[in-house]
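The values are calculated or read from the model by the stated rules, or taken from the named source; none is laboratory data. These numbers come from a predicted model, not from an experiment. Cβ: placed from backbone, ideal geometry, glycine included. Neighbour counts: every protein chain shown. Note: accessible area is taken over every heavy atom of the protein model, side chains too, but ligands, DNA and RNA are not part of it. Shrake-Rupley method; radii C 1.70, N 1.55, O 1.52, S 1.80 Å.
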Amino acid sequence: MKPQCKILIIAGSDSSGGAGIQADIKTVTSLGGYAMTAITAVTSQNTTGVKSVLGIKSEEVKKQIIFTSKDIKPDAIKIGMLNSSEIILSVTNSLKKINIKKIVLDPVMVAKGGHKLINDGAIKTLKKNLIPKVFLLTPNIPEAEVLTGYKIKSLKDMIRAAKILNKLGVKNILLKGGHRQGKSVTDILLNKNKLVIYKNKKIKTKNTHGTGCTLSSAIATFMACGKTINKSCELAIKYVNESIRSNPNFGK
Ligand code: PXL
């Protein structure tokens, strides 16, 4: 079937295929979208951890974004791993040139096994330059803690953090609650002072590598195909839950 909508993915490669650009392409494709890519980094990893990270030159990242988009105009953009200030600035400047409104940023910081995927100095650049330019930010709790400087334990803390992130200049925040203890997972979407709460049963498994990438790509795909942000988040959360349930349990 001919894809109904086009999504540009700006993210890093995960050689193990579970997260990063590989998870993004699989998600966009399985939801009926057409995936284009701008690769920002190449990681060598397997399910036991990350061996190495190689950043792509910022000029190459810029060329991938601009040259590709000038020919096939994306309906939405998903941004994942950006590991240096230089790459963040290059992406920010490239986005100015292609003028796409529906941009979803997953502020990737640490891989599941604990390996850092962004340099310290780059977090400041992310907050100051890129976050104010995106439509939706999708941090998990550890990422929201780094971005706000506050510990998040309760639902109340999550709402406070989302409001602080709002003040950085991003209108919509989907703060994912999967890192909190308990039998359920509560995610919150804050947009224009309206709060939507998504509550789902927590699925007991270790196999959650790549869920953040999958979620943000699914949201970008639904929005690219014309769904509202609220509907896109609802459908994407369902999609990720189904993906976790049917995980293949590959590797160690
Ligand atoms: O899940 C975050 C993530 C994003 N992008 C790349 C990754 C990972 C986690 O390992 O490798 C390339």
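Only a single item in (1) open to solvent by 20 Å² or more (accessible area, probe 1.4 Å); (2) within 16 Å of the ligand (Cβ to nearest atom); (3) at negative phi; (4) part of a loop (DSSP other than H, G, I, E, B) is not met by L82, and it is number (1).
Of all residues in the range 139-163, those satisfying the criterion of being farther than 22 Å from G114 by Cα and open to solvent by 50 Å² or more (accessible area, probe 1.4 Å) are L155, K156, R160, K163.
What's the total number of residues in the range 105-162 that are within 15 Å of the ligand (Cβ to nearest atom), under 26 Å from S94 (Cβ atoms) and assigned to a loop (DSSP other than H, G, I, E, B)? Of the residues in the range 105-162, 10 are within 15 Å of the ligand (Cβ to nearest atom), under 26 Å from S94 (Cβ atoms) and assigned to a loop (DSSP other than H, G, I, E, B). Name the residues in the range 46-71 that are touching a strand residue (DSSP E or B) at 6+ places or on another chain (Cβ under 6 Å) and not hydroxyl-bearing (S, T, Y), would you? Selection gives V50, K51, V53, L54, G55, I56, V61, Q64, I65.
Of all the criteria given as (1) near the ligand (Cβ under 10 Å from one of its atoms); (2) open to solvent by 50 Å² or more (accessible area, probe 1.4 Å); (3) assigned to a strand (DSSP E or B), the one not satisfied by Y34 is (1). Contact map, the range 107-122: first residue closer than 21 Å to S16 by Cβ, second residue more than 8 Å from the ligand (Cβ to nearest atom) and of a type in the set (G, A, S), Cβ cut-off under 6 Å, separation 6 or more or different chains; pairs are G113/G49. Mind checking which residues of the range 93-106 are open to solvent by less than 10 Å² (accessible area, probe 1.4 Å) and of a type outside the set (G, A, S)? Result: I103, V104, L105, D106.
In the range 48-67, which residues are away from the ligand (no atom under 13 Å from the Cβ) and open to solvent by less than 40 Å² (accessible area, probe 1.4 Å)? First the steps, then the outcome.
So in the range 48-67, the residues away from the ligand (no atom under 13 Å from the Cβ) come out as 57-67.
Correct list: S58, V61, I65, I66.
One residue alone among L189, L165, L175 is at pLDDT 95 or above and either within 16 Å of the ligand (Cβ to nearest atom) or assigned to a helix (DSSP H, G or I) (or both), and that residue is L165.
Checking the structure you have, find out if any residue of the range 13-29 is under 14 Å from V108 (Cα atoms), in a strand (DSSP E or B) and at pLDDT 95 or above. There is at least one residue in the range 13-29 that is under 14 Å from V108 (Cα atoms), in a strand (DSSP E or B) and at pLDDT 95 or above.
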